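Asks: Okay, here's the structure, questions in a sec.
The values are calculated or read from the model by the stated rules, or taken from the named source; none is laboratory data. Just so you know, these numbers come straight off a predicted model, no measurement behind them. Cβ: placed from backbone, ideal geometry, glycine included. Neighbour counts: every protein chain shown.
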Amino acid sequence: MTSRSDFTAIGRRIPRYDARDRVTGSARYGADQARPETLWAKLVRSPYPHARIVSIDTSKALALSGVHAVVTGADLPPKTRWGRRTIDVQVLAQGEALFAGEQVAAVIGDDEEIAQRGANLVEVTYEELPAVTDAVEAL
């Protein structure tokens with residue numbers, strides 16, 4: 001006869017059969033599966049903590065062979081946002097970049113290298129705005 005404790009993992013060492021692969025980097029994940037004709041996206045990010053986006057010139061990126069599209073905030077409905085629990089982060093900045101590293105544009109290319117080269121060709125003109133960097137000042 002088996003008892004309930006025969007089926008529990010609590011208080012017992014359970015072997016992790018995939019531990020060696022994870023630690024050595026040889027484990028395969030869903031993101032590692034490349035399909036033929038997969039497109040890659042690379043982001044253009046704001047270098048400023050607060051700035052007005054004056055213009056975005058995507059023409060050089062779009063002229064690069066292998067780039068399929070460049071998407072900016074102007075291509076999205078107003079205030080398109082995302083978030084895990086609180087949906088409050090814009091998918092792509094629209095009008096203003098509100099923090100350093102905010103996503104301003106996405107370049108879609110045939111492979112990772114082409115998408116990155118395209119992202120490097122996107123020219124964004126910013127007007128730097130004052131940023132509040134002190135909690136007391138923010139009050």
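Asks: So residue 109 fits all but one of (1) modelled with pLDDT under 95; (2) farther than 30 Å from residue 17 by Cβ; what number is the exception?
Replies: (1)
Asks: Still on this structure, please answer the following. Under the condition of being within 19 Å of the chain's Cα centre (by Cα), under 24 Å from residue 132 (Cβ atoms) and small (Gly, Ala, Ser), which residue from the range 48-94 is modelled with the lowest pLDDT?
Replies: 83
Asks: Listed residues 131, 74; which is touching a residue at least 60 places away in the same chain (Cβ under 8 Å), small (Gly, Ala, Ser) and farther than 15 Å from residue 42 by Cα?
Replies: 131
Asks: Considering the range 22-37 alone, what residues qualify as being among the polar types (S, T, N, Q), part of a helix (DSSP H, G or I) and within 22 Å of the chain's Cα centre (by Cα)? Break it down into steps so the answer makes sense when it comes.
Replies: Of all residues in the range 22-37, those among the polar types (S, T, N, Q) come to 24, 26, 33.
Next, only the ones that are part of a helix (DSSP H, G or I) stay: 24.
The answer is none; no residue qualifies.
Asks: Run down 107, 91, 67, 71 and say which single residue is among the aliphatic types (A, V, I, L, M) and under 17 Å from residue 51 (Cα atoms).
Replies: The conditions single out 91.
Asks: Going through the range 18-53 one residue at a time, which ones are within 30 Å of residue 96 (Cβ to Cβ) and exposed (fewer than 10 other Cβ atoms within 10 Å of the Cβ)?
Replies: None; the set is empty.
Asks: Which of the following residues is surrounded by 15 or more Cβ atoms within 10 Å (Cβ to Cβ), of a type outside the set (Lys, Arg) and touching a Gly at 6+ places or on another chain (Cβ under 9 Å): 95, 66?
Replies: Values: 95 fails: surrounded by 15 or more Cβ atoms within 10 Å (Cβ to Cβ).
Of the residues listed, the single one that is surrounded by 15 or more Cβ atoms within 10 Å (Cβ to Cβ), of a type outside the set (Lys, Arg) and touching a Gly at 6+ places or on another chain (Cβ under 9 Å) is 66.
Asks: Does any residue of the range 31-39 turn out to be in contact with a helix residue (DSSP H, G or I) (Cβ under 7 Å, 6 or more places away or on another chain) and not aromatic (Phe, Trp, Tyr)?
Replies: No, that holds for no residue.
Asks: So, of the residues in the range 110-121 that are of a type outside the set (Asp, Glu) and under 15 Å from the mean Cα position of the chain (by Cα), which turns out to be surrounded by the fewest Cβ atoms within 10 Å (Cβ to Cβ)?
Replies: Filtering the range 110-121 down to residues of a type outside the set (Asp, Glu) leaves 114-121.
Filter once more, so that each one left must be under 15 Å from the mean Cα position of the chain (by Cα): 115-116, 119.
Working: 115: 25, 116: 15, 119: 22.
Ranking the qualifying residues of the range 110-121, first place goes to 116.
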